[in-house]
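Have a look at the structure below, then the notes.
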Amino acid sequence: MYSTLPAAAPVVREPRHAPVAHLVRGGVVEGVHHGSVVVLGADGRVEFRLGDIEAAFYPRSALKPVQAVAMLRAGLPLDGELLSLAAASHSGEERHLAGARRILELAGLTEDDLRNVPDLPYDPVVRDTWIREGRLPSRLAQNCSGKHAAMLWTTALNGWSRADYLDPAHPLQQAVAKTVEDLTGQGIARVTVDGCGAPLFAVSLHGLARAAARIATAAPGTPEARVADAMREHAEMASGARRDVAALMRAVPGLLAKDGFEGVQVAALPDGRAIAVKIADGANRARIPVAAAALARAGVDPGPLSGFAGEPLLGGGQPVGRVRVVDALDPATATAR
């Protein structure tokens with residue numbers, strides 16, 4: 001199903017995105033979200049595509065499960081909720097901060113060793129509480145601290161230099177790049193810096209879906225399966241108590257899902273079916289409705305997905321519309337034709 005050698009890197013070009021969702025107010029299309037969507041079948045073949053699934057793009061935090069696999073391959077001895085946190089874009093809840101501290105303690109390190117960017121917690125409720133209490137931004141509160149703590153421990157275990165662990169030429173990041181190419185099945189088109197300071201690798205949306213499928217279907221005990229098991233069993237550690245991606249994993253049995261900034265969502269099922277979404281304008285409001293429609297396209301029972309159709313659009317405090325996926329993506333519309 002998958003080649004053992006990476007294909008060429010995807011082409012760097014302006015993505016040929018297509019309309020994926022409409023913002024409908026009072027029965028009139030007020031706005032249009034463009035983007036790209038890919039649905040893979042259990043055999044790894046593309047069953048549905050919309051927009052440009054082969055152009056190079058940055059998966060942002062949707063690549064974190066792949067980074068976690070790379071660290072396990074390099075000897076990181078994590079499992080369970082701490083491994084889920086290592087693959088997380090967490091909300092900054094106290095359990096997330098405590099988990100990141102624990103990883104650092106296991107490595108014999110402290111928050112001062114982190115090189116991610118100080119920030120306030122991602123969850124707005126938690127962030128507002130921090131501000132009221134007069135707490136300042138910290139590296140531990142930043143949503144990638146679990147990943148960075150795990151990177152530091154992986155570095156320590158291998159005897160690699162610590163201060164430059166974010167350098168793309170560092171052995172750790174070279175190991176991550178190799179795993180990205182292995183799991184996506186393609187070369188890396190470009191390397192830049194993510195918001196947290198870690199290297200970020202450009203692949204295609206198709207490649208990202210392939211990587212998620214390979215992680216979700218891996219044999220028990222492998223690094224890939226350990227990451228998938230940890231994230232499924234501890235969805236709130238990989239995101240947060242109020243996050244839609246955790247709710248999505250709870251709603252669909254066996255689903256592995258990870259979001260990323262700028263409108264990225266990837267998800268895969270244990271049988272190999274997978275979806276990946278990129279919203280061109282980065283709008284979060286379109287990400288989950290489009291992803292839910294893509295999962296329905298992949299054959300997931302639409303019943304549990306009904307709660308992810310998008311938040312209502314308000315007018316005068318009352319619902320007057322919503323984000324609605326385009327007919328080409330809506331399985332119900334496609335069936336009716």
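Okay, residues lined up against (1) charged (D, E, K, R); (2) out of contact with any Asp or Glu (no Cβ under 9 Å at 6 or more places or on another chain); (3) under 27 Å from Pro77 (Cβ atoms):
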{"residue": "Ile215", "(1), (2), (3)": "no, no, yes"}
{"residue": "Thr222", "(1), (2), (3)": "no, yes, yes"}
{"residue": "Ala228", "(1), (2), (3)": "no, yes, yes"}
{"residue": "Met231", "(1), (2), (3)": "no, yes, yes"}
{"residue": "His234", "(1), (2), (3)": "no, no, yes"}
{"residue": "Ser239", "(1), (2), (3)": "no, no, yes"}
{"residue": "Val266", "(1), (2), (3)": "no, no, yes"}
{"residue": "Ala291", "(1), (2), (3)": "no, no, no"}
{"residue": "Gly303", "(1), (2), (3)": "no, yes, no"}
- request: Answer yes if at least one residue in the stretch 288-303 is outside any helix (DSSP H, G or I) and in contact with a helix residue (DSSP H, G or I) (Cβ under 6 Å, 6 or more places away or on another chain), and no otherwise.
  value: no
query: Which of the following residues is without any contact (Cβ under 8 Å) to a residue 60 or more places away in the chain, open to solvent by less than 10 Å² (accessible area, probe 1.4 Å) and over 16 Å from the mean Cα position of the chain (by Cα): Ala251, Ala225?
result: Ala225
- request: Take the stretch 112-124 and flag every residue that is surrounded by fewer than 18 Cβ atoms within 10 Å (Cβ to Cβ) and either polar (S, T, N, Q) or over 22 Å from the mean Cα position of the chain (by Cα) (or both).
  value: Asp112
query: Do you know which residues across the stretch 274-287 are part of a helix (DSSP H, G or I) and either buried (at least 18 other Cβ atoms within 10 Å of the Cβ) or touching a residue at least 24 places away in the same chain (Cβ under 8 Å) (or both)?
result: Arg285, Ala286, Arg287
query: If you scan the stretch 188-220, which residues turn out to be over 13 Å from Gly260 (Cβ atoms), surrounded by fewer than 19 Cβ atoms within 10 Å (Cβ to Cβ) and not polar (S, T, N, Q)?
result: Arg190, Val191, Val193, Gly197, Ala219, Pro220
query: Going through the stretch 240-263 one residue at a time, which ones are outside any loop (DSSP other than H, G, I, E, B), within 21 Å of Lys147 (Cβ to Cβ) and either modelled with pLDDT under 95 or touching a helix residue (DSSP H, G or I) at 6+ places or on another chain (Cβ under 9 Å) (or both)?
result: Asp244, Val245, Leu248, Met249, Leu256, Ala257, Lys258, Asp259, Gly260
message: Suppose we filter Leu114, Leu40 for residues that are touching a His at 6+ places or on another chain (Cβ under 6 Å) and aliphatic (A, V, I, L, M); which single one remains?
response: Leu114
- request: State whether the residues of the stretch 85-106 include one that is at pLDDT 95 or above, surrounded by fewer than 20 Cβ atoms within 10 Å (Cβ to Cβ) and in contact with a Ser or Thr (Cβ under 6 Å, 6 or more places away or on another chain).
  value: no
- prompt: Considering the stretch 316-337 alone, what residues qualify as being modelled with pLDDT under 90, more than 16 Å from Val39 (Cα to Cα) and open to solvent by less than 40 Å² (accessible area, probe 1.4 Å)?
  reply: Thr333
message: So, in the stretch 289-308, how many residues would count as being out of contact with any strand residue (DSSP E or B) (no Cβ under 7 Å at 6 or more places or on another chain) and hydrophobic (A, V, I, L, M, F, W, C)?
response: 5
Residues (over 12 Å from Ala294 (Cβ atoms), open to solvent by 70 Å² or more (accessible area, probe 1.4 Å), assigned to a strand (DSSP E or B) and in contact (Cβ under 8 Å) with a residue 40 or more places away in the chain) located in the stretch 21-66: Arg25, Glu30, His34
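To keep it simple, each residue is scored yes or no on (1) charged (D, E, K, R); (2) within 18 Å of Asp194 (Cα to Cα); (3) without any contact (Cβ under 8 Å) to a residue 24 or more places away in the chain.
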residue	(1), (2), (3)
Glu81	yes, no, no
His96	no, no, no
Pro121	no, yes, no
Arg135	yes, no, yes
His148	no, yes, no
task: State yes or no: is Gly146 of a type in the set (Gly, Ala, Ser), touching a helix residue (DSSP H, G or I) at 6+ places or on another chain (Cβ under 9 Å) and at positive phi?
output: no
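The values are calculated or read from the model by the stated rules, or taken from the named source; none is laboratory data. Keep in mind the model is a prediction, meaning the values are calculated, not measured. FYI the Cβ positions are ideal-geometry reconstructions off the backbone, even for glycines, and counts take in every protein chain you see. To get the accessible areas, we keep the full protein, side chains included, count just its heavy atoms, and leave off ligands, DNA and RNA. Shrake-Rupley method; radii C 1.70, N 1.55, O 1.52, S 1.80 Å.
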